[in-house]
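The values are calculated or read from the model by the stated rules, or taken from the named source; none is laboratory data. Just so it is clear, the structure is predicted and the values come from calculations on it, not from any experiment. Don't worry about glycine lacking a Cβ; one is built from the backbone with ideal geometry, like all the others, and counts go over all protein chains shown. What goes into the accessible areas is simple: the full protein's heavy atoms, side chains included, and nothing from ligands, DNA or RNA. Shrake-Rupley method; radii C 1.70, N 1.55, O 1.52, S 1.80 Å.
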Amino acid sequence: MIILRDIALRRGERLLFEKANASLLPGQNIALTGANGCGKSSLFALLLGDLAPDHGDIEGLTDQRIAHMAQDVAASPETAQDFVLAGDAAVATHQALEACDGYAAPRRALQLLLGLGFAEADAQRPLADFSGGWRVRLALARALMTPSDLMLLDEPTNHLDIDTIYWLQDFLRAYRGTLLMISHDRDFIDATCTGVLHIEAQTLSAYRGGYSDFESQRAQRLAEQRASAEKQARRRAEIEDFVR
């Protein structure tokens, strides 16, 4: 379990999180939602250790294997299959191949490429041959190739066609670690995720189910908050009237 406890984070003059708390359970597929600029990418950076909170702490990251989908893949002469294979560091260093099933790794890398819409011949093409959108798919394939306990994916359905999206849904539903995913694809969240972590007002709020469930639960929560505020306002008015 990964626990974010009493997290505060400021970027420049902007306060992104204050007294934010959340728990990420093993085996959960969680969608991270919130308005643009609310801190979704910064939360990823906290989990990756690229940022440190101004206050609070994150427990449970020690010894966690983390896979992360890179947002930029530079053009290079490296082949697509070698790039994906490098996601598995044990295989990439050619050490203890039998222990880590390294001899099967090229087949796994090829299956990921095929699942994400590449042709078999593409596996031996250099990265420089691919457009930006296809290199994003390669970044996704490399993240999926990486052995992990926690997977962080940022807009994984960008540049994917519908058949590839369905393939990715099945892959992520079978993933045994904890998935935290930023996505604006509501249908994909509904099909893939078992929970939503929503950023709003510098806090983190957890909801069960997919995006449709989140919308329903959030609407109910907001209605209850409005009703409570109205009740408090009426009571305050009654007390002030009595005092007068």
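Quick notes
- Exclusive hit being open to solvent by less than 50 Å² (accessible area, probe 1.4 Å), in contact with a His (Cβ under 6 Å, 6 or more places away or on another chain) and modelled with pLDDT of 95 or more, set L116, L197, L152: L152
- Of the residues making up segment 200-217, those that are small (G, A, S) and open to solvent by 70 Å² or more (accessible area, probe 1.4 Å) number 3.
- Look at segment 111-133: where a residue is closer than 20 Å to D163 by Cα and assigned to a helix (DSSP H, G or I) and a partner is of a type in the set (A, V, I, L, M, F, W, C) and open to solvent by 50 Å² or more (accessible area, probe 1.4 Å), sitting 6+ places away or on another chain with Cβ atoms under 6 Å, you get G115/W167.
- Filter result (touching a Pro at 6+ places or on another chain (Cβ under 7 Å), surrounded by 14 or more Cβ atoms within 10 Å (Cβ to Cβ) and in a loop (DSSP other than H, G, I, E, B)) within segment 44-81: M69, E78
- Residue count for segment 160-184 satisfying the condition of being in contact with a helix residue (DSSP H, G or I) (Cβ under 8 Å, 6 or more places away or on another chain) and either of a type in the set (D, E) or open to solvent by 50 Å² or more (accessible area, probe 1.4 Å) (or both): 3.
- Look at segment 152-175: where a residue is farther than 15 Å from D190 by Cα and a partner is open to solvent by 60 Å² or more (accessible area, probe 1.4 Å), sitting 6+ places away or on another chain with Cβ atoms under 6 Å, you get L152/H68.
- Residue satisfying all of: in segment 30-43; polar (S, T, N, Q) and surrounded by 12 or more Cβ atoms within 10 Å (Cβ to Cβ); nearest to T146 (Cα to Cα) among these: S41
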